[in-house]
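Worksheet for the structure shown next.
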Amino acid sequence: MKQIGPIESAAAWKGQELLNQPAWNESFTAQELAELDEAIRVTSELPIEQISESQFELPSLRERLVRIQYLLEEGSGAVLLKGIPTERYSVDELKRFFWGMMSHVGTPISQSATGEKIFSVRNEGFGEKDPKTRGPNTRKKLSYHTDRCDVIGFLCIQPAFQGGENQVVSSISVFNQIRETRPDLLEVLMQPFYYKRHNVDLGNQQAFTQQPIFSIHEGHFAANFLRVLIERAYQDPALPDMTDLQREALDYVETIAADPELHFSFRQEAGDLVLLNNFVTFHRRHEFKDAPEHPRHLLRIWLSVPNSRPLHPMFAGNYGSVAAGAIRGGMQPQRNTGA
């Protein structure tokens, strides 16, 4: 493999440096919240997923959202906005709020077999072997991963009673650290790994895809990491076994990401909105406990953004188009084959 130098980028922050990045830990102004309130009222009769950017008017907040869209792709890749008065709204109104505001950042895409574009992250109590079980619908710890979209957003309605802390790490900084300490493993991580089709990606006809963990294409870095689907693929008798070196490389990614000097820890509180660029960050969540009367509840949205980077051709199996700015990613809903 051709020798690769360290990647220099605004998204190559380390740990506490995130606190000094633009748009991390900013608050909404009274005027912006008033605009959101009015936009919710004006669109109250429209089905949520039919609300367009032009219908959800945000005269002054629009400028901030354009800046956020830029910073997600060209800046740190991580945004935290605080101060949404969630207690004033019903869950339906918060979904309207979330959808309308995010339509100024990108295009919402499907997250489930039924085509849900706003997804509730909460403990649904599914059994471990229930096919409906997904990590975000349990209370267990989730390992570092990316989601299948350009940008992921979380709006916290109710935090956990105990636990549920979040950690985010720059995948560019993880890449640079592996390059410095274990270049032999970096070479492995830039080769394709098998991924098994997600159990809710029912419209996808491919049982397996192949993707590298780290890639550089047309000068653009992109990381992709969902170890649970990698492990499921290599457990399938139709595929070759994972090599010892591949497993060591995946373990090392998680070890480096877990370094307190590299990742940033925070707890998302009610009214907090987090946005992450999946190609330059990994994120994870700790196990949590709910209070019976106030269970943890977040709304999640997956966005395809118009200023996105081009992707390596091997991303096509999971993302569809790999062209810059294309609408891509998400889960493909199950097709209705009935007459």
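All of the numbers you see were taken from the coordinates with simple rules; none came from a lab. Values in this document were obtained by computation on a predicted structure and should not be read as measured data. As a convention, Cβ positions derive from the backbone with ideal geometry for all residues, glycine included, and neighbour counts pool all protein chains shown.
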**Angle in degrees between helix 61-74 and the longest Cα principal axis of the chain, rounded to the nearest 10** = 0
**Message:** Could you work out the relative contact order of the range 23-319? I mean the mean sequence separation of Cα pairs under 8 Å and 6+ apart, divided by the number of residues, in percent.
**Reply:** 32
**Complete:** Contour minus Cα-Cα span, residue 291 to residue 55, at 0.36 nm per residue, comes to 81.2 nm
**Request:** For the range 202-339, just say rounded, prolate or oblate: build the C-alpha gyration tensor, square-root its eigenvalues into a ≥ b ≥ c, call rounded for a/c under 1.5, and beyond that prolate if a/b exceeds b/c, oblate if not.
**Result:** rounded
**Request:** State the answer as a single residue: which of 307, 245, 7 lies farthest towards the positive end of the charge dipole of the chain, with beta carbon charges of +1 for Lys and Arg and -1 for Asp and Glu, about the Cα centre.
**Result:** 245
**Message:** Can you give the local net charge around residue 250? Use residues other than it whose beta-carbon is closer than 15 angstrom to its beta-carbon, Lys and Arg +1, Asp and Glu -1.
**Reply:** -2
**Message:** Give me the one-decimal nm value for the distance between modelled label points at residue 247 and residue 70, 7 Å along each residue's Cα-to-Cβ direction.
**Reply:** 4.8
**Asked** How large is ³J(HN,Hα) for each residue in the range 228-240, as worked out from phi by the Karplus curve 6.51 cos²θ - 1.76 cosθ + 1.60 (θ = phi - 60°), to whole Hz, x for Gly and Pro?
**Response** 4, 6, 5, 4, 4, 5, 6, 7, 7, x, 6, 10, x
**Prompt:** Taking amide H positions as placed 1.01 Å from N in the peptide plane, with prolines and chain starts having none, which residues 5 or more places from residue 297, or on another chain, fall under 5 Å of its amide H?
**Reply:** 157, 158
**Asked** Rounded to the nearest 500 deg cm²/dmol, what is the calculated helix-only ellipticity per residue at 222 nm for the chain, with -39500 (n - 2.57) per DSSP H run of length n ≥ 4?
**Response** -7500 deg cm²/dmol
**Order of 209, 255 - criterion: other Cβ atoms within 10 Å of each residue's Cβ, fewest first** = 255, 209
**Request:** Neighbouring Cβ atoms within 10 Å as the yardstick, rank 32, 74 fewest first.
**Result:** 74, 32
**Asked** Do any trypsin sites (Lys or Arg not before Pro) in the range 219-320 lie in a DSSP loop with no more than 15 other beta carbon atoms within 10 Å, and if so, which?
**Response** 267
**Request:** For a quick protection proxy, order the peptides 10-19, 144-153 by their average other-Cβ count within 10 Å, most packed first.
**Result:** 144-153, 10-19
**Message:** Rounding to the nearest 10 and keeping the result within 0 to 90°, find how far the Cα-based axis of helix 244-257 lies from the longest principal axis of the chain.
**Reply:** 40
**Message:** Can you compute the FRET efficiency between residue 26 and residue 91 using 1/(1 + (r/R0)^6), with r the Cβ-Cβ distance and R0 = 22 Å? Round to the nearest 0.05.
**Reply:** 0.35
**Prompt:** Using 1/(1 + (r/R0)^6) with R0 = 51 angstrom and r between the beta carbons of residue 255 and residue 44, what's the FRET efficiency to the nearest 0.05?
**Reply:** 0.55
**Message:** Can you give me the long-range amide H partners of residue 225? Hydrogens built in the peptide plane at 1.01 Å from N, cutoff under 5 Å, separation of 5 or more residues or another chain.
**Reply:** 146
**Request:** For helix 30-42, report the angle its Cα long axis makes with the longest principal axis of the Cα atoms of the chain; keep it between 0 and 90° and round to the nearest 10°.
**Result:** 80
**Asked** If you place +1 on the Cβ of every Lys and Arg, -1 on the Cβ of every Asp and Glu, and leave all else neutral, what size is the dipole of the chain about its Cα centre, to the nearest 20 Debye?
**Response** 620
